[in-house]
Amino acid sequence: MNSINKEFENKIALITGGGTGIGKVTTRALLNQGANIVINGRRENTLQATAQELDPSGKRVAWVAGDAGLKSTAQKIAATAQERFGGVDILINNAGIFKPTPFLEHTEADVDAYVGVSIKGPFFIAQAVIPQMIKRGGGSIVNVGSMWALIALNATPSSAYSASKAALHALTRNLAIEFCANKIRVNAVAPAVVETPVYDTFLTAEQRAEILPTFNEFHPLGRNGQPNDIVESILFLAGSRADWITGVVLPVDGGVTSGRHQS
């Protein structure tokens, strides 16, 4: 049990969207297994609070606020990892936004936002940290993609979100092939409905309590996902147990993409 708990001992991880939801739970899990971590997000107060909660000592969690879709911010995040901990072994591109919107109602600003979060952010941060990984003899990148990039749902029209996540899946495979000789593995997880604070961005507390349970039966396994469901998959792909896995987009979706289960 101890060896499992310390799988990431002395590893250095960088997590975008690390202040809440899946990112926060991943940060906690990696800390418990021995890693040092840099978290990124747009909201400074949220990052500060998460770092203080999970690492009161201030020694093992650093944070950098800013838009990782800007190359300058991505470079600052990578530089912080280098200065505080000595580099990067693991990159988890978790930042995301989600708001179901009919295609004809999407604005240019919507599309730009999805491209920034799901494409430019992972692209630029990977550019910034891969040279560090190469110097350290390899590494692992795990991108948080989406089931919506694999199938379309009439109940949740999400064309811009889906297209941007599909691009992230493609980036995953391309980086996996390009950097396999450098012992850098690149994989992705593709979640279905996971109960995280992202839904609070477009639902009231009352709407969330009413609407989210209606999606339980959408999943063949009978329930919505919880952050820990995704975190377990992220940790597997990031760690040594997945040493012979790269270029994979792993559905973690309660069985949704396995086929139709309702008439």
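The values are calculated or read from the model by the stated rules, or taken from the named source; none is laboratory data. What you see is a predicted model; the values in this text were computed from it and never measured. As a convention, Cβ positions derive from the backbone with ideal geometry for all residues, glycine included, and neighbour counts pool all protein chains shown.
Please indicate, with yes or no, whether at least one residue in the range 201-220 is over 26 Å from Gly34 (Cα atoms), in contact with a Gly (Cβ under 9 Å, 6 or more places away or on another chain) and outside any helix (DSSP H, G or I). Looking for residues that are over 26 Å from Gly34 (Cα atoms), in contact with a Gly (Cβ under 9 Å, 6 or more places away or on another chain) and outside any helix (DSSP H, G or I), one finds at least one in the range 201-220, hence yes.
Closer than 29 Å to Thr156 by Cα, surrounded by 14 or more Cβ atoms within 10 Å (Cβ to Cβ), modelled with pLDDT of 95 or more and in contact with a strand residue (DSSP E or B) (Cβ under 8 Å, 6 or more places away or on another chain): which single residue out of Ile77, Ile39, Ile92 fits that description? Result of the check over Ile77, Ile39, Ile92: Ile92.
The set of residues in the range 208-225 that are in contact with a Ser or Thr (Cβ under 7 Å, 6 or more places away or on another chain) and at pLDDT 85 or above is empty. List every residue pair whose Cβ atoms sit under 7 Å apart, with the two residues 6 or more apart in sequence or on different chains, where the first one lies in the range 99-111 and is closer than 17 Å to Ser146 by Cβ and the second, anywhere, is among the charged types (D, E, K, R). As it stands, the answer is Thr101/Asp110, since those pairs meet every condition given.
Reported count of residues in the range 148-207, each being exposed (fewer than 15 other Cβ atoms within 10 Å of the Cβ), more than 21 Å from Gly255 (Cβ to Cβ) and modelled with pLDDT under 95, is 8.
Selection within the range 178-196: residues that are within 14 Å of the chain's Cα centre (by Cα) and outside any loop (DSSP other than H, G, I, E, B). The member of this set that is nearest to Met133 (Cα to Cα) is Val186. Of all the listed residues (Leu14, Leu31), the sole one being touching a helix residue (DSSP H, G or I) at 6+ places or on another chain (Cβ under 7 Å), buried (at least 17 other Cβ atoms within 10 Å of the Cβ), hydrophobic (A, V, I, L, M, F, W, C) and in contact (Cβ under 8 Å) with a residue 60 or more places away in the chain is Leu14.
Selection of the range 120-154 for residues being in a loop (DSSP other than H, G, I, E, B) and in contact (Cβ under 8 Å) with a residue 40 or more places away in the chain yields Arg136, Gly137, Gly138, Gly145, Ser146, Leu150, Ile151.
In the range 68-82, the residues that are farther than 17 Å from Gly18 by Cβ reach residues that are surrounded by 16 or more Cβ atoms within 10 Å (Cβ to Cβ) with C-beta atoms within less than 6 angstrom, at least six apart or across chains, in these pairs: Lys71/Phe124; Gln75/Ala128.
When the residues of the range 226-263 are narrowed to those that are small (Gly, Ala, Ser), modelled with pLDDT under 95 and not in a helix (DSSP H, G or I), which ends up surrounded by the most Cβ atoms within 10 Å (Cβ to Cβ)? Here the residue is Gly254.
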